[in-house]
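Novice: Structure in structure tokens, see below.
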Amino acid sequence: MDSKNSYDLIVIGGGLAGLACALRLSKVGCRVLLLEKNPYPHHKVCGEYVSNEILPYLNSLGIDPFERGAVSIDRFEVSSIEGKTIRSKLPLGGFGISRYALDNLLYEKLSERAKVHFETVEDLNFLQNEFTVSTVEKNKYRSKFVVGAFGKRSLLDVTLKRKFIRQKSPWLGVKAHYEYEFPGDLVALHNFRGGYCGLSQVETGLINACYLATYSSFRKAGSPKAFKEKVLIQNPHLRQFFSKAVSVFPKPLTIAQISFERKQAVEGHIYMIGDSAGLIHPLCGNGMAMAIHAAKLFCDLFLESVDKPNFRRVDLERNYRLKWEATFSRRIQTGRMIQRLFLNPATANMGMKIARIFPSVIPKIISKTHGDVVI
Ligand SMILES: Cc1cc2nc3c(=O)[nH]c(=O)nc-3n(C[C@H](O)[C@H](O)[C@H](O)COP(=O)(O)OP(=O)(O)OC[C@H]3O[C@@H](n4cnc5c(N)ncnc54)[C@H](O)[C@@H]3O)c2cc1C
């Protein structure tokens, strides 16, 4: 194999985790190759509210989302199926920017210093301390280290025989951008039977509406249109939104089989970051911050150990696994619990009553699913 196809490290998947990882490592002189299947810019199913916990770190990578028109968000609103509403200040706040703009911003920075190839990885082979990465486009690349940043669910998870992929997941996500009058500083989360819908502004002034629903409730309705008319609009806030908002997408984007199962942070000697390592429930609003944070955790450990004479792969794998667990496991568990309570109408209503009497409980719950500011 040609030595030009040999790299210090290969990142598979160029969402926020993969881009942040490749950017950081390329900044310190590593020869990094990022393999991403879709050219930028592209839309993704996502609530597009980014927690401020990751902003200083993004800035340190030379990324300023506000340069591309991101909007500051510091208020939160949550409603029950019947439309009962609670509002709160967000403890740390965040910003609204589309994945179309944010991923592309990181890609532009990365392409100044590292190779990005638009190819789909179909297989990996680890032999004699080295990976051979093969793509559908019939190229082969070599590296001692591979980072897996291929998101919540990829065909590669099947190839790698990852355990979680065997379980069917009941969740699907739907998203589109709309023209609608909505406060720029607010992120809203509206409950409906079998799911919830987030509303917030992005850099274009449009409103992103993104919902997570169970496949069974969706199938019962028959089509996205019927789902909207039969299920979503039972919440008065969503009725108001969907009766007036005008979609600028030809049709909503959808993804199915969103898995919140436990995954491993290292599998087959591949360091998993972002959703490849584990996905927090979207109602916590910090999956993107966690994806970038996991990339940082890996890069810190990699850079402080890889050039040491006593470097051992097994140590890096153990240390990364432990660090990932210590940083994210609890948050993911809390997210799981909140989602369960929120989706059960009885517990959701009781929670709303308690939060009305003790409003300070909301920022406390939000803080439990978020970390400290990452620098
Ligand atoms: C409905 C919903 C709403 C959400 N809302 C929010 C929110 O408001 N705020 C928030 O912070 N988080 C939110 N999240 C979570 C957030 O979207 C994810 O945590 C985040 O996108 C993770 O980034 P990532 O880089 O790990 O994965 P992704 O962004 O999914 O990137 C993975 C990349 O890998 C590529 N890829 C996959 N397979 C291959 C292959 N074989 N070869 C090459 N490339 C490959 C894909 O094309 C993709 O670009 C939401 C999630 C869902 C499902």
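The values are calculated or read from the model by the stated rules, or taken from the named source; none is laboratory data. Note that the structure is a prediction, hence the values are computed from the model and not measured. Cβ sites come from the backbone with ideal geometry, for glycine too, and all protein chains shown count toward neighbours.
Novice: Kindly list, by first and then second residue, each pair from a residue in segment 7-31 that is over 20 Å from PHE131 (Cβ atoms) and outside any helix (DSSP H, G or I) to a residue that is at pLDDT 95 or above and more than 15 Å from the ligand (Cβ to nearest atom), limited to pairs with Cβ atoms under 7 Å and residues at least 6 apart or on different chains.
Specialist: Pairs that qualify, where the first residue is over 20 Å from PHE131 (Cβ atoms) and outside any helix (DSSP H, G or I) and the partner is at pLDDT 95 or above and more than 15 Å from the ligand (Cβ to nearest atom), are VAL28/LEU303.
Novice: Starting from residues that are under 21 Å from the mean Cα position of the chain (by Cα) and part of a loop (DSSP other than H, G, I, E, B), keep the ones in segment 195-216 and report whichever is surrounded by the most Cβ atoms within 10 Å (Cβ to Cβ). Let's see the steps before the verdict.
Specialist: Looking only at segment 195-216, we keep the residues that are under 21 Å from the mean Cα position of the chain (by Cα), and these are 195-204, 206-215.
Checking the rest, the ones that are also part of a loop (DSSP other than H, G, I, E, B) come to 202-204, 206.
Working: VAL202: 23, GLU203: 20, THR204: 18, LEU206: 21.
Step by step, filter segment 195-216, then rank; the result is VAL202.
Novice: Okay, moving on. Is it fair to say ALA295 is in a strand (DSSP E or B), among the aliphatic types (A, V, I, L, M) and within 16 Å of the ligand (Cβ to nearest atom)? Before you say what the answer is, go through the steps one by one.
Specialist: Values: in a strand (DSSP E or B): no; among the aliphatic types (A, V, I, L, M): yes; within 16 Å of the ligand (Cβ to nearest atom): yes.
It is false that ALA295 is in a strand (DSSP E or B), among the aliphatic types (A, V, I, L, M) and within 16 Å of the ligand (Cβ to nearest atom).
Novice: Filter segment 264-292 down to the residues that are in a loop (DSSP other than H, G, I, E, B) and closer than 20 Å to PHE126 by Cα, then identify the one that is farthest from the ligand (Cβ to nearest atom).
Specialist: Taking segment 264-292 first, the residues in a loop (DSSP other than H, G, I, E, B) are 264-265, 268-269, 273, 277-281, 285-286.
Within this subset, residues satisfying the condition of being closer than 20 Å to PHE126 by Cα are 264-265, 268-269, 273, 277.
Working: GLN264: 15, ALA265: 13, GLY268: 14, HIS269: 17, ILE273: 7, ALA277: 8 Å.
Among those that are in a loop (DSSP other than H, G, I, E, B) and closer than 20 Å to PHE126 by Cα, it is HIS269.
Novice: Please enumerate the residues belonging to segment 218-250 that are assigned to a loop (DSSP other than H, G, I, E, B), touching a strand residue (DSSP E or B) at 6+ places or on another chain (Cβ under 7 Å) and more than 19 Å from GLU181 (Cβ to Cβ).
Specialist: Within segment 218-250, the first condition is being assigned to a loop (DSSP other than H, G, I, E, B), and the residues that meet it are 222-223, 231, 235, 245, 248-250.
Then drop every residue that is not touching a strand residue (DSSP E or B) at 6+ places or on another chain (Cβ under 7 Å), which leaves 231, 235, 245, 248-249.
Result: VAL231, single match.
Novice: Moving to a separate point now. Do we have any residue at all in segment 153-173 that's closer than 30 Å to VAL231 by Cβ, more than 11 Å from the ligand (Cβ to nearest atom) and assigned to a strand (DSSP E or B)?
Specialist: No: segment 153-173 contains no residue that is closer than 30 Å to VAL231 by Cβ, more than 11 Å from the ligand (Cβ to nearest atom) and assigned to a strand (DSSP E or B).
Novice: Further, regarding this structure: Restricting the search to segment 62-104, which residues are touching a residue at least 24 places away in the same chain (Cβ under 8 Å), part of a loop (DSSP other than H, G, I, E, B) and within 21 Å of VAL202 (Cβ to Cβ)?
Specialist: Those that are touching a residue at least 24 places away in the same chain (Cβ under 8 Å), part of a loop (DSSP other than H, G, I, E, B) and within 21 Å of VAL202 (Cβ to Cβ): ILE63, GLY69, ALA70, ILE97, SER98.
Novice: Does ARG153 qualify as being on the phi < 0 side of the Ramachandran plot and at pLDDT below 95? Walk me through it before giving the result.
Specialist: Numbers: on the phi < 0 side of the Ramachandran plot: yes; at pLDDT below 95: yes.
Yes; evaluated as a whole, the condition is true for this residue.
Results for (1) over 27 Å from LEU156 (Cβ atoms); (2) touching a Pro at 6+ places or on another chain (Cβ under 6 Å); (3) at pLDDT 85 or above, shown as yes or no for each residue.
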{"residue": "ASP275", "(1), (2), (3)": "no, no, yes"}
{"residue": "ASP307", "(1), (2), (3)": "yes, no, yes"}
{"residue": "ASP315", "(1), (2), (3)": "no, no, yes"}
{"residue": "PHE328", "(1), (2), (3)": "no, no, yes"}
{"residue": "ILE354", "(1), (2), (3)": "yes, no, no"}
{"residue": "ILE362", "(1), (2), (3)": "yes, no, no"}
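Novice: I would also like to ask the following. Does GLY96 satisfy the criteria of being within 12 Å of the ligand (Cβ to nearest atom), surrounded by 22 or more Cβ atoms within 10 Å (Cβ to Cβ) and closer than 30 Å to ALA348 by Cα? Please lay out each step first, then the result.
Specialist: Details: within 12 Å of the ligand (Cβ to nearest atom): yes; surrounded by 22 or more Cβ atoms within 10 Å (Cβ to Cβ): yes; closer than 30 Å to ALA348 by Cα: yes.
Judged against the criteria, GLY96 is a match.
Novice: Right, here's the next one. Could we say that LYS228 is away from the ligand (no atom under 15 Å from the Cβ), modelled with pLDDT under 95, buried (at least 16 other Cβ atoms within 10 Å of the Cβ) and basic (Lys, Arg) here?
Specialist: Details: away from the ligand (no atom under 15 Å from the Cβ): yes; modelled with pLDDT under 95: yes; buried (at least 16 other Cβ atoms within 10 Å of the Cβ): yes; basic (Lys, Arg): yes.
It is true that LYS228 is away from the ligand (no atom under 15 Å from the Cβ), modelled with pLDDT under 95, buried (at least 16 other Cβ atoms within 10 Å of the Cβ) and basic (Lys, Arg).
Novice: Counting only residues that are assigned to a loop (DSSP other than H, G, I, E, B) and near the ligand (Cβ under 10 Å from one of its atoms), which one in segment 43-61 is surrounded by the most Cβ atoms within 10 Å (Cβ to Cβ)?
Specialist: GLU48
Novice: Polar (S, T, N, Q), touching a strand residue (DSSP E or B) at 6+ places or on another chain (Cβ under 7 Å) and loosely packed, with under 15 Cβ neighbours inside 10 Å: does that describe SER367?
Specialist: Details: polar (S, T, N, Q): yes; touching a strand residue (DSSP E or B) at 6+ places or on another chain (Cβ under 7 Å): yes; loosely packed, with under 15 Cβ neighbours inside 10 Å: yes.
Yes; evaluated as a whole, the condition is true for this residue.
Novice: For TYR40, work out the one condition from (1) within 12 Å of the ligand (Cβ to nearest atom); (2) in contact with a strand residue (DSSP E or B) (Cβ under 8 Å, 6 or more places away or on another chain) it doesn't fulfil.
Specialist: Status for TYR40: all satisfied but (2).
Novice: On to the next question. Show the residue pairs that are 6+ apart or on different chains and have beta-carbon atoms under 7 Å apart, the first residue being within segment 289-302 and among the aromatic types (Phe, Trp, Tyr), the second being within 8 Å of the ligand (Cβ to nearest atom).
Specialist: Pairs found: PHE298/ILE273.
Novice: Pull up segment 8-42, narrow it to residues that are among the aliphatic types (A, V, I, L, M) and within 12 Å of the chain's Cα centre (by Cα), then point me to the one that is surrounded by the most Cβ atoms within 10 Å (Cβ to Cβ).
Specialist: Just the residues of segment 8-42 that are among the aliphatic types (A, V, I, L, M), to begin with: 9-12, 16-17, 19-20, 22-23, 25, 28, 32-35.
From what's left, within 12 Å of the chain's Cα centre (by Cα): 16-17.
Numbers: LEU16: 29, ALA17: 31.
This residue is ALA17.
Novice: What's the number of the only condition in (1) surrounded by fewer than 17 Cβ atoms within 10 Å (Cβ to Cβ); (2) farther than 15 Å from SER79 by Cα that CYS299 fails to meet?
Specialist: The single condition CYS299 does not satisfy is (1).
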